[in-house]
1. Do we find that ILE925 is assigned to a loop (DSSP other than H, G, I, E, B) and closer than 30 Å to ARG841 by Cα in this structure?
2. Considering only residues that are of a type in the set (Gly, Ala, Ser) and closer than 19 Å to LEU438 by Cβ, look in region 659-704 and name the one that is farthest from the chain's Cα centre (by Cα).
3. Read through the list (1) under 23 Å from ALA157 (Cα atoms); (2) of a type outside the set (A, V, I, L, M); (3) buried (at least 24 other Cβ atoms within 10 Å of the Cβ); (4) out of contact with any Gly (no Cβ under 6 Å at 6 or more places or on another chain), then give the number of the only condition that ARG259 fails.
4. Considering only residues that are crowded, with 20+ Cβ neighbours inside 10 Å and in a strand (DSSP E or B), which ones fall in region 355-380?
5. Please go through region 1003-1040 and pick out each residue that is outside any strand (DSSP E or B) and at pLDDT below 95.
6. Kindly check whether there is at least one residue in region 628-642 that is buried (at least 19 other Cβ atoms within 10 Å of the Cβ), modelled with pLDDT of 95 or more and assigned to a loop (DSSP other than H, G, I, E, B).
7. Just for region 649-708: of the residues that are free of Cβ contacts under 8 Å to residues at least 60 places away in the same chain and β-branched (Val, Ile, Thr), which one is farthest from VAL134 (Cα to Cα)?
8. Please work out if PRO812 is more than 30 Å from GLY207 (Cβ to Cβ) and at pLDDT below 95.
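The values are calculated or read from the model by the stated rules, or taken from the named source; none is laboratory data. Computed from a predicted structure; not experimentally measured. Cβ placement follows ideal geometry from the backbone for every residue including glycine, while neighbour counts extend to all protein chains displayed.
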Amino acid sequence: MHIQIPKPISVPLLTLLCISVILAQTPTGSIRGTVSDQAGAVIANATVIVKNLSTNLERRVVTNDEGNYTVENLLPGEYEVKAEAQNFQSQVRRVTVQTGNPTSADFSLKVGVSTEVVEVASEAPQINTSDFKVDGVVTRAQIENLPLNGRSFLQLALLEPGVSVENVANPGTSPNNFFRVSIAGAGQALTRISVDGATVNDRVTGGTAQNFSQETVQEFQISSFSFDLSTSVTGVGSINIVSRTGGNSIHGTGFFYFRDNNMAANPGFARDLQNPEPFFARRQSGFNIGGPFKKDKLFWFVNYEHNNQDGVFNVTHNNHPIFSKFDHIADNPVNFDQLNTRVDWKVTDKNSAFLRYSLDMNDNFNPSGGVRMPSNWVVSDNYAYQVLGGLSTVFTPTVVNDLRYSFNYYSNHLDNLTTKECKDPARCIGLGGPDIRLTDNPFIIGNNVNTPQNRILRTYHLVDNLSLQKGNHRIRFGGEWEHFYGQGSWAFVEPAIIVLWGPVHIAQFAAAVPTIRPLLDSLPRSLKDPTAPPPTLEEILQLPLFQFFTGIGDPGQPPPFRSAHARRNDRIRVYAQDAWQVRQGFTFNYGIAYSYEDNLLNHDLDRPAYLSPLLGGDLRPPRHDPNNFGPSAGFAWDLGKNGKTVLRGGGGVYHDSNLFWTRLRERALTGPAGNGRASIEGSIVGRNFSSFPTNYRGANLLVELPAFRAALASRLGNGTDLSIRGIEVFKQGDQIFNPNSTTPYSMHVNFGVQRELARNLVLTADFVMRRSVHFGGHHDLFGLDMNRFNRPRVTGIRPDGTVDFVRDPVIPLCVGAQTQDPKAQCSTGAINIYQSSANFRYTGLHVKVDKRFSGRYQFTASYALSKYTGFNGVIDFNNWHASEGYQGADRRHRFTFSGIMELPTYSGESRFLRGFFNTWQVSLISQMVSKPPLNASVGGDVDGDGISTFLLPGVPFNGFGRSINKQELVALVDQYNKTFPTVVTGKRTPQNQVMPVITLPANFDNGDSFFSQDIRVTRIIKLGERYKLSIFGEAFNLFNIANLSGYSSALNNPSFGQPSSRVGQVFGTGGPRAFQIATRFSW
């Protein structure tokens, strides 16, 4: 395979590659420490033996001249560490190794005979005395014992400060991404997820491409700030999952979990009178079992889980006076099957290997992207598996290498619902027809805009990690090679998206413009009277057309032209880092990483001369980015040199990759005409009425649509002739990359302290900052109509206030036959070009208190005080960054508490009471989150720049609930109503839009705070020495807190600041109260 590497970087890059093939995030831990005598003098050449208590596998090292030792590349678990030295008594202690972290085990040996062994009873310190990264580990005990609605272990990522988790039953066009982890406000698609060091991300749309059973997972690490350079490509954070292994004893578990509607509150925002008790049932069952093929040599582990779920989804329409009549509870079924097998082999004393196979199959039908009527839902079938092998080699006691290779396969098929899945004609309105939506509420019916669609993704991933200890330096280097190959089809906008003027907006126009009153009066009663029956499809189509889009061309992805090249991408990433113990108690970490991707964008397609006016004459293809260097430096200072108090701080630069779907549509535009599929806006045939409602109805468009589509399709070429490009044929387009598009990256800074407050109790507090820059087309951000197609040029104002205008784009409007001339320099619509200009900033104080299990209980409490700001879209062409402000994901406060407690035992004489009261366990998760911000805005192009977004004067983007409170908003609305409405001024916008009077509801808010209390009560019944039966009940959102959502931000909407939905009940926490019962039998 040929990988193009720019010459200036080829020599150092290839040199690093020769040193070590590759690396990804390390799914192992280490044990470090110092051996000294009772006087504190270090002991050189002492022998340290580390033994895995599950498999009896041993590693031996000797201390260096400073008495230090390090044992790298250890699987998470329980270990026995023994220190021996001539003329000293030996010491043994038990420690726990966690993923991606060092465990300290210091020894203070007494003079004596080495055959005398002293067991050290004290626990090893929990504090990391050598690294400055900010991360945490969720253990097997927490995964197995905390209450989880849906049994997704990823839900527990929220135990880390600043982390949020969304569990969805409607993944839509991110089809296998049910459990979504967002770190410090960043988009969940950016979170890197790996299992045993191999990525499982969906490279097309982000998130997970494969799901794993809770039974598969030993533990997982959440890296949030200044993460270790061995972490693969991500700028925001990662999840590093470690799978379970077998041991020397046969052990296993069988389980069954059950939940239904009889044990839950009503799932709807309001009770559906036609379905007052919607049926819900979830049955999760499975097993895990592991043991030895050969004691101390060869081990196996297997688990399987099945989830049969008859779910429901709450369909609501923002309290709309007409379309809320369609609110109801709809069926939302899903079926899961997950299988995992792993074999571990001690090949020799210096080599160990493992092989794992994991399978995920599921099917469902669900709404894609928010609230939609069932006719707009998608049917989804997912099939994914991963094969992973690893070899760990101990070259010398101080040089250890870890090599892993994986293959991931993911296949998904999305299609539209049929009468098989959508059986109620009234609620399946629009089934099989075009996508129909309105301007004034989220009502959507008809075929989904992204279906039919399928994807087949193959990822080959080779990783290597070499570590060596030399004196006071712990040196690691390595890297990764990832080969991605994807293909499929995407028949987007088939046959059309039809956007109609909503009845609320028409009424607002009619109140200000008398000539619109006849149009409003002509509408059916069902579209005007809240007490009338719901409108039929025929009646909905009587609404005036706002605009429409239609998809034209071959749906194959990538398109046929040079498809073999477009389907693949190769990533190489290398790094080197050193943890230098400058002196006892002070470690300085420094290193650098470098990544290069050879086919991240459409580097083989230059821009046609047609686009020259929009690109400043730069017609190059999107450039390769050879400058992705990521330096990192920081320190850890053990103040007392006893592992009790550590100051830490540092920072680094971390690069991101892309979501591959964003580059797919561009090939149809910059490639030869007829290559691929494009979404065409109705201006090309003169059917855009987005400024003012007219008598051209949706029904009129349905009659003309087949002829429009046939005429547009006839213009396509053969898809091979680069002398005519797709953008020249259609003269409009979307998702075109600027030639100077840059790989986005984030700069991290952290400074904090870890303090052992008491035995087994640690406080961690960190100030953190992440500055993310140059985000754009790689993640579908900052798409800007550089053609300024909707920019108006006013040609006159009539006595009644009507504004006459024409569009004034950069590339002149097509006139007559120019529309059909590929070489005519004219335009028919917007030409959106991605800019790498979106920036974000997260700052916060992250605090965590962690109590390790002792005295019958453990707990973790985390809190984040934070602020998240950045780009919110282009709302002013003359100031691209006018929208910068609070992000929708900003939450001022986040608090999470989790705990597990074994209840005190009863030791009285009564055998019955002892049997009843003993072996009870209680566990819980409490979560509290403050309100989100809300963007108070009004539609309308007041300044004539072509962008119809108008912020209420005095209110910054997402300012309501942050810099602006409720009383201030009321005052600003009063001021607006005296200054801007058309009925007051007699004026309209340069696009002839009517500015409405704003009437605020009596009660409104920027959102709702979140609180949920989940609890599990378990009775453990021991059946002899080896067997136990656990019977437990769980409650999710025990106090049934409403946790409202769906607040409207449109000031000219009567439902502004009103909730329209609740947090979902199917998975996760915070939905209407639900109970679950379960049992586990273990041996």
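1. Answer is no for this residue.
2. Filtering region 659-704 for residues that are of a type in the set (Gly, Ala, Ser) and closer than 19 Å to LEU438 by Cβ, the one farthest from the chain's Cα centre (by Cα) comes out as ALA699.
3. (1)
4. ARG356, SER358, ASP360, ASN362, ASN364, PHE365, ASN366, VAL378, VAL379, SER380
5. ASN1003, GLY1024, GLU1025, ARG1026
6. Scanning region 628-642 turns up at least one residue that is buried (at least 19 other Cβ atoms within 10 Å of the Cβ), modelled with pLDDT of 95 or more and assigned to a loop (DSSP other than H, G, I, E, B).
7. VAL703
8. no
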